[in-house]
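Following: one structure in C-alpha cells, then a few remarks.
The values are calculated or read from the model by the stated rules, or taken from the named source; none is laboratory data. These figures come from a predicted structure and were not determined experimentally. All Cβ positions, glycine included, derive from the backbone under ideal geometry; neighbour counts span all protein chains shown. Quick note on the areas: whole protein, heavy atoms, side chains included, nothing else; ligands and nucleic acids left out. Shrake-Rupley method; radii C 1.70, N 1.55, O 1.52, S 1.80 Å.
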Amino acid sequence: MDAIRVRGGKPLKGTVKISGAKNAALPILCATLLSDGQSRLRNVPALRDIDTTAALLRFLGRNVRVNAPEVHVDAGSDVRPEAPYELVKQMRASVLVLGPLVARFGRAKVSLPGGCAIGARPIDQHLKGLEAMGCKIRLERGYVIAEGPNGGGRLRGAEVAFDLPTVTGTENLMMAAALAKGQTTLVNCAREPEVEELGRVLNKMGATVDGAGTDVIHIRGKDQGELEPFDHAIIPDRIEAGTYMCAAAILPGGDVIIEGAEIHDLEALVMKMRAAGVEVATEGQSIRVRRNGPLRGVNVTTAPHPGFPTDMQAQFLVLMCTAASESVITETIFENRFMHVPELLRMGGNIALRGNTAVVDGAERLYGASVMATDLRASASLIIAGLAAEDETEVRRVYHLDRGYERIEEKLGGLGATIARVRGAES
Ligand code: EPZ
C-alpha cells in the first residue's frame, strides 16, 4: 500500500485547479443505464471511485471507456442487472445502479453495501421509495432483489417523503422516476449541488425534472426508449475545493487561489473560515484564501446542504487544532466520523471526544508522525495536519485518499509543499 510523506512548516502559495466533482460523476455515470446510445462525460476526475463505477457498468453489460477527464459509455450487447458484492463493497455509491436498473430492465440484484468506516449507512430510504413506485423488494443473502410491478413491469410514479435527506437516496429515486409511468414527487430531498447536477443531466436526457437542488422534486417519467444519451461536463468538486481552502489556511502566510471553485456551493464553510479569521475572497471563477494572523476557535455543527458539509468536518477540525481558542465540532450526519482524531492526537492535537462532539483546544503546534488513513476525508485531514508540522509526517493506507482526490501530491507540490508518494510502503 502506498504512503504519502509530507514535511510541513511552510505556508502554501500559488494557484490550484479543482477537478470535476466525484459525487456528481458517480450518479451521472449510473444514469447512462437509463438509455442506449453513446453518452460522453467531460471534466471527470481520475479517481479510484470512477474506475470502480466503470468496472461495475461493464459488469452490467455496458461498454465504458475511461480516458480522464472524459468517459464514454454506450450499451453493450446484453444486460446483466446484477451488482456483485465484490464491486459494491469497494464503493457504497454502487447502490446508485439500483434505481436505473429496475426502472429500465424491470429487475435488479444489487449487493447491500454494508456499513463502512464512518457508519452503518443503511439504504432503507432508497428501498422505501422504490416500493412506493411499485417495486417488489426482498433481501436475500446480503443482496437486494428488486422487481418491477407484476413480475418486472414498469414502475409507477408515486409521492415519496424521505424520513431524512439522503443524497444517494434522492438520486436513486430521481433516476427510477425518470422512466416510471406518470408523475413522481419527492419530498424532504437532499439539496446538495450534486443532486441538482443530476437533475440537469436527466433533463438533458429528455426527462422532466423540476426542483432538483431543493427539498421538493417533481419528475415526469418517460416511456422506455425515450431517454437519450447525453454529453455533459461535470461541475467542479466543492469538497476538493474546501479541502484546499483549509490547506491554504493552516499556516500564517498561506495565499492560494483555488481555480474553478463555485463559492456559492460552499457558503457555510466560507462563513466559518471567515469567522475564524481567514480571508476568503472570490475572484471570478476562483476563490482566494489568505491566512495572516492567528486563527480564532469557531464552533461547527455538520448538517445537510446548505449546512456545514460533513465531508469538510475532518479538514476544518485540523484547522481548529491550530486556533488560538477553543472550538466545538459536532458531527450530526454519521455516527463514527471522528477516526482522524486519534491520529491527530498523536500529532499533538488537543481534542476531547464526547459522543458526536469534539472539543478542540488550539495547540501551540502540530508534530509530524506516522499516521493511518481510515476514510477518504480523514486522510485529507492528516495531510493538512502534516502541512502544519515542521517535521515529517507519513500518512499510510492512502488508497482511501486516491478514491476522492486527484493527483493530490502533485497539486500540493505545485503550491510549494514538500510532499511525495512512497509506493508499496508498509501499511
Ligand atoms: C453521500 O453519501 C456522499 N456520497 C457522501 O460523501 C456524503 O458524506 C453524504 O452524502 C452526506 O453528505 C456520495 O454522494 C457518493 P446520505 P450517502 O444517504 O448518500 C442516513 C465522500 O466523502 N441514511 O445522504 O450515502 C445515513 O446513515 C462521501 O465523498 C439512512 O438512514 O449519504 C446518514 O446518517 C462519504 N437511510 C444520513 O442518512 C438511508 O436510506 C445521510 O446519508 C440513507 C441514508
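Given the residues ALA93, ALA68, ALA83, which is the only one that is within 16 Å of ALA24 (Cα to Cα), of a type in the set (Gly, Ala, Ser) and within 16 Å of the ligand (Cβ to nearest atom)? Explain how you work it out, then say what you get.
Working: ALA68 fails: within 16 Å of the ligand (Cβ to nearest atom); ALA83 fails: within 16 Å of ALA24 (Cα to Cα).
After applying the criteria, what remains is ALA93.
Taking segment 205-220 as the region of interest, how many residues are part of a loop (DSSP other than H, G, I, E, B) and closer than 20 Å to VAL102 by Cβ?
Restricting attention to segment 205-220, the residues satisfying the condition of being part of a loop (DSSP other than H, G, I, E, B) are 205-207, 211, 213, 215.
Right, trim to closer than 20 Å to VAL102 by Cβ and you get 205-207.
Adding up the residues that qualify gives 3.
Going by what's in this entry, would VAL160 be described as away from the ligand (no atom under 16 Å from the Cβ) and among the aliphatic types (A, V, I, L, M)?
Values: away from the ligand (no atom under 16 Å from the Cβ): no; among the aliphatic types (A, V, I, L, M): yes.
The answer is no for VAL160.
Do we find that GLY151 is within 13 Å of the ligand (Cβ to nearest atom), farther than 14 Å from GLY221 by Cα and not hydrophobic (A, V, I, L, M, F, W, C) in this structure?
Numbers: within 13 Å of the ligand (Cβ to nearest atom): no; farther than 14 Å from GLY221 by Cα: yes; not hydrophobic (A, V, I, L, M, F, W, C): yes.
In short, no.
Could you grab me the full set of residues in segment 1-37 that are more than 21 Å from ILE287 (Cα to Cα) and either part of a helix (DSSP H, G or I) or touching a His at 6+ places or on another chain (Cβ under 6 Å) (or both)?
Listed by number, the residues that qualify are ALA25, LEU26, PRO27, ILE28, LEU29, CYS30, ALA31, THR32, LEU33, LEU34.
Quick one: is LYS181 under 30 Å from HIS400 (Cβ atoms) and more than 12 Å from the ligand (Cβ to nearest atom)?
Spelling it out, it is not the case that LYS181 is under 30 Å from HIS400 (Cβ atoms) and more than 12 Å from the ligand (Cβ to nearest atom).
Please go through segment 96-117 and pick out each residue that is within 11 Å of the ligand (Cβ to nearest atom), in contact with an Asp or Glu (Cβ under 8 Å, 6 or more places away or on another chain) and open to solvent by 10 Å² or more (accessible area, probe 1.4 Å).
Within segment 96-117, CYS116, ALA117 qualify.
Answer yes or no: is there a residue in segment 158-177 that is free of Cβ contacts under 8 Å to residues at least 40 places away in the same chain, in contact with a helix residue (DSSP H, G or I) (Cβ under 8 Å, 6 or more places away or on another chain) and buried (at least 21 other Cβ atoms within 10 Å of the Cβ).
So far as segment 158-177 goes, yes, one or more of its residues are free of Cβ contacts under 8 Å to residues at least 40 places away in the same chain, in contact with a helix residue (DSSP H, G or I) (Cβ under 8 Å, 6 or more places away or on another chain) and buried (at least 21 other Cβ atoms within 10 Å of the Cβ).
Okay, residues lined up against (1) touching a strand residue (DSSP E or B) at 6+ places or on another chain (Cβ under 9 Å); (2) open to solvent by 60 Å² or more (accessible area, probe 1.4 Å):
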{"residue": "THR185", "(1), (2)": "yes, no"}
{"residue": "GLU192", "(1), (2)": "no, no"}
{"residue": "GLU197", "(1), (2)": "yes, no"}
{"residue": "ASN203", "(1), (2)": "yes, yes"}
{"residue": "VAL209", "(1), (2)": "yes, no"}
{"residue": "ILE219", "(1), (2)": "yes, no"}
{"residue": "ASP237", "(1), (2)": "yes, no"}
{"residue": "THR243", "(1), (2)": "no, no"}
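Pull up segment 121-141, narrow it to residues that are open to solvent by 60 Å² or more (accessible area, probe 1.4 Å) and assigned to a loop (DSSP other than H, G, I, E, B), then point me to the one that is farthest from the ligand (Cβ to nearest atom).
By that ranking, first place goes to ARG141.
Taking ASP223 and the conditions (1) among the charged types (D, E, K, R); (2) open to solvent by 10 Å² or more (accessible area, probe 1.4 Å); (3) within 14 Å of the ligand (Cβ to nearest atom), which numbered condition does it fall short on, given that it satisfies the others?
Of (1) among the charged types (D, E, K, R); (2) open to solvent by 10 Å² or more (accessible area, probe 1.4 Å); (3) within 14 Å of the ligand (Cβ to nearest atom), only one is false for ASP223: (3).
Out of the residues in segment 321-342 that are of a type in the set (A, V, I, L, M, F, W, C) and within 15 Å of the ligand (Cβ to nearest atom), state the one that is surrounded by the fewest Cβ atoms within 10 Å (Cβ to Cβ).
As a first pass, look at segment 321-342 and keep what is of a type in the set (A, V, I, L, M, F, W, C): 321, 323-324, 328-329, 333-334, 338-339, 341.
If we keep only those that are within 15 Å of the ligand (Cβ to nearest atom) too, we end up with 333-334, 338-339.
Working: ILE333: 19, PHE334: 19, PHE338: 22, MET339: 17.
Restricting to residues being of a type in the set (A, V, I, L, M, F, W, C) and within 15 Å of the ligand (Cβ to nearest atom), the top hit is MET339.
Taking the criterion of being exposed (fewer than 15 other Cβ atoms within 10 Å of the Cβ) and in contact with a Gly (Cβ under 6 Å, 6 or more places away or on another chain), would at least one residue in segment 372-391 satisfy it?
Kept after step one, since they are exposed (fewer than 15 other Cβ atoms within 10 Å of the Cβ), are these residues of segment 372-391: 390-391.
Then keep just the ones that are in contact with a Gly (Cβ under 6 Å, 6 or more places away or on another chain); that gives 390-391.
For segment 372-391, residues exposed (fewer than 15 other Cβ atoms within 10 Å of the Cβ) and in contact with a Gly (Cβ under 6 Å, 6 or more places away or on another chain): present.
Does GLY307 qualify as being more than 16 Å from the ligand (Cβ to nearest atom) and either within 19 Å of MET273 (Cβ to Cβ) or in contact with a helix residue (DSSP H, G or I) (Cβ under 8 Å, 6 or more places away or on another chain) (or both)? Lay out the reasoning, then the answer.
Values: more than 16 Å from the ligand (Cβ to nearest atom): no; either within 19 Å of MET273 (Cβ to Cβ) or in contact with a helix residue (DSSP H, G or I) (Cβ under 8 Å, 6 or more places away or on another chain) (or both): yes.
It is false that GLY307 is more than 16 Å from the ligand (Cβ to nearest atom) and either within 19 Å of MET273 (Cβ to Cβ) or in contact with a helix residue (DSSP H, G or I) (Cβ under 8 Å, 6 or more places away or on another chain) (or both).
Of all residues in segment 401-414, count the ones that are in contact with a helix residue (DSSP H, G or I) (Cβ under 6 Å, 6 or more places away or on another chain) and either surrounded by fewer than 23 Cβ atoms within 10 Å (Cβ to Cβ) or under 13 Å from GLY368 (Cβ atoms) (or both).
Selection size over segment 401-414: 2.
List pairs: first residue in segment 287-316 and within 17 Å of ASP237 (Cα to Cα), second residue within 16 Å of the ligand (Cβ to nearest atom) and among the aromatic types (Phe, Trp, Tyr) anywhere in the structure, Cβ distance under 7 angstrom, at least six positions apart or on different chains.
The qualifying pairs are THR310/PHE334.
Of all helices (runs of 4 or more DSSP H) completely enclosed by segment 46-111, which ones contain at least 2 residues that are charged (D, E, K, R), more than 22 Å from ALA178 (Cβ to Cβ) and modelled with pLDDT of 95 or more? Talk me through it step by step, then tell me what you get.
On the way: elements: 48-59, 85-88, 98-105.
Where helices (runs of 4 or more DSSP H) fall fully within segment 46-111 and carry at least 2 residues being charged (D, E, K, R), more than 22 Å from ALA178 (Cβ to Cβ) and modelled with pLDDT of 95 or more, they are 48-59.
Which of the following residues is open to solvent by less than 20 Å² (accessible area, probe 1.4 Å) and touching a Ser or Thr at 6+ places or on another chain (Cβ under 8 Å): VAL289, VAL318? Reasoning before the result, please.
Working: VAL289 fails: touching a Ser or Thr at 6+ places or on another chain (Cβ under 8 Å).
None of the other options fit; the residue is VAL318.
Consider segment 211-244. How many of its residues are among the aromatic types (Phe, Trp, Tyr) and farther than 30 Å from GLY414 by Cβ? Outline the logic, then answer.
The initial filter retains those residues of segment 211-244 that are among the aromatic types (Phe, Trp, Tyr), namely 230, 244.
Checking which are farther than 30 Å from GLY414 by Cβ leaves us with 230.
Here the count works out to 1.
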